[in-house]
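**Student:** Let me give you the structure first, and then I'll get to my questions.
The values are calculated or read from the model by the stated rules, or taken from the named source; none is laboratory data. Just so it is clear, the model here is predicted, and its values are computed rather than measured. Cβ atoms come from the backbone with ideal geometry, glycine included; neighbour counts cover every protein chain shown. Surface areas here come from the heavy atoms of the whole protein model, side chains and all, with no ligands, DNA or RNA. Shrake-Rupley method; radii C 1.70, N 1.55, O 1.52, S 1.80 Å.
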Amino acid sequence: MLHGIREGVVALDARGRVRLVNDEAQRLLGIGPEDTGRPLDDVLGPGRTTDVLAGRVTGQDLLAVSGNRVLVANRMPTDDGGAVATLRDRTELERLGRELDGTRGLIDALRAQDHEHANRMHTLLGLLELGLHEEAVEFVTEVVGVHRATAEQVAERVHDPLLAALLVGKATVAAERGVSLRISEDTLLPDRVIDPRGLVTVLGNLVDNALDAATATADPQVEVALRAEGRTAVVRVGDSGPGVPAEQRELIFTEGWSTKKAPSHGQRGIGLALVRRLAERQGGSAGVRAGANGGAEFTVLLPEALSEELAAERPGALPGAAASGEAVPGPSEPSPLVRGPSQQGPVVPSPSQPSPSQPGPSVPSPSEPGPSARAEAGETR
């Protein structure tokens, strides 16, 4: 009967050895029937899940993370000195709860954006009624250009479409909350991410926490850095919030530990635990220290997060540049062409180069490749 219920059941003897583990517990913990009779510490290894089942952490409905699953555990001692622990899978509930939080945040942002849009329309209407047409054009250009500049800046430095879209969306939400979200100058992440969704989970959690921490400050700021070091992806998010005390810098990565008030639909203390778990699964790490702005600075290292092709590329290299022999700008040099996510079309030549629309054949200079050479180089890209 125990093997047919939807809750995981683990029975331990007085010496901490596994005496019974039903089918659901095997699925949730990733263990098998052959582990029966072995000490719990040897079966699961060190971690919060082991501490909860062994009784080293006490309480009711304790949160634990096993792999990618969020579990709720309860433990009851038995008369013979052992214990029986039950496990419930709350992964889907936590996911739905986080989506609900995100939806509420977007609704609040859209409400604020609608209010701001109305103010802009009133300003524009007033300028037109006063006959200040040039000022009206400048006002509209400035308002539209802010969002376009943000999108272009992100697309230029973060080439993965999922991560770029996440940052553009977070920048919009941050602006509505009065927080300045900036992309650091050393950010450069080519489109070679093996698991973009995992990196989205890491970055999204860190940015959300940073926005919450910075909102209550006088000059709220959040800075995001994404860069590649060989095949390792480095994620750094800093804020201008109150920071994390030194004695709590390990506790914040513990499942169920949070300084925020729990929402009505569930519990907090899951996001950072998932961030560290994802990093450790790839042999990486997640940590926090005091930031330059007085707040917290989270750094996550994800080894093997980028494909092998990235290891041979220089930071800032354009695809096919080595094959065509063209000069490649370094990380600190501006790119000759900046395209936003929605911009397409041919490269616009500079004034010093002949325009394709000018009549007459174009004669290449001795130092420039001819049209056939450029065509051959383009085919290699």
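**Student:** Go through (1) closer than 21 Å to Arg277 by Cβ; (2) open to solvent by 50 Å² or more (accessible area, probe 1.4 Å); (3) of a type in the set (Gly, Ala, Ser) and name the single condition Ala14 misses.
**Tutor:** For Ala14, the failing item is (1).
**Student:** So which residues in the range 21-39 are assigned to a loop (DSSP other than H, G, I, E, B) and in contact (Cβ under 8 Å) with a residue 60 or more places away in the chain, if there are any at all?
**Tutor:** The first filter runs over the range 21-39 and keeps only residues assigned to a loop (DSSP other than H, G, I, E, B), leaving 22, 30-32, 36-38.
Correct list: empty.
**Student:** So which residues in the range 154-206 are over 24 Å from Leu301 (Cβ atoms), polar (S, T, N, Q) and either at pLDDT 85 or above or in contact with a strand residue (DSSP E or B) (Cβ under 6 Å, 6 or more places away or on another chain) (or both), if there are any at all?
**Tutor:** Ser180
**Student:** Give the residue that is modelled with the lowest pLDDT, with candidates limited to residues of the range 113-153 that are open to solvent by 90 Å² or more (accessible area, probe 1.4 Å), over 25 Å from Arg177 (Cβ atoms) and not aliphatic (A, V, I, L, M).
**Tutor:** Ranking the candidates gives Glu138 first.
**Student:** Please state which one of Val244, Val288, Val275 is among the aliphatic types (A, V, I, L, M), part of a helix (DSSP H, G or I) and either at pLDDT 85 or above or buried (at least 20 other Cβ atoms within 10 Å of the Cβ) (or both).
**Tutor:** On the way: Val244 fails: part of a helix (DSSP H, G or I); Val288 fails: part of a helix (DSSP H, G or I).
Every option except Val275 fails the conditions.
**Student:** List pairs: first in the range 71-84 and surrounded by fewer than 15 Cβ atoms within 10 Å (Cβ to Cβ), second not basic (Lys, Arg), Cβ under 7 Å, 6+ apart or cross-chain?
**Tutor:** Short answer, once both residue conditions are applied: Met76/Ala83; Met76/Val84; Pro77/Ala83; Thr78/Val84; Asp80/Ala14; Gly81/Ala14.
**Student:** If you go through the range 44-64, how many residues are assigned to a helix (DSSP H, G or I) and open to solvent by less than 30 Å² (accessible area, probe 1.4 Å)?
**Tutor:** Here the count works out to 4.
**Student:** Something else about it: Can you spot a residue in the range 22-38 that is closer than 14 Å to Gly82 by Cα, surrounded by 17 or more Cβ atoms within 10 Å (Cβ to Cβ) and not charged (D, E, K, R)?
**Tutor:** no
**Student:** Can we say Leu301 is open to solvent by less than 60 Å² (accessible area, probe 1.4 Å), modelled with pLDDT of 85 or more and in contact with a Ser or Thr (Cβ under 9 Å, 6 or more places away or on another chain)?
**Tutor:** In short, no.
**Student:** Exactly one of (1) in contact with a Leu (Cβ under 6 Å, 6 or more places away or on another chain); (2) closer than 20 Å to Glu280 by Cα is unmet by Thr187. Its number?
**Tutor:** Result: Thr187 fails condition (2) only.
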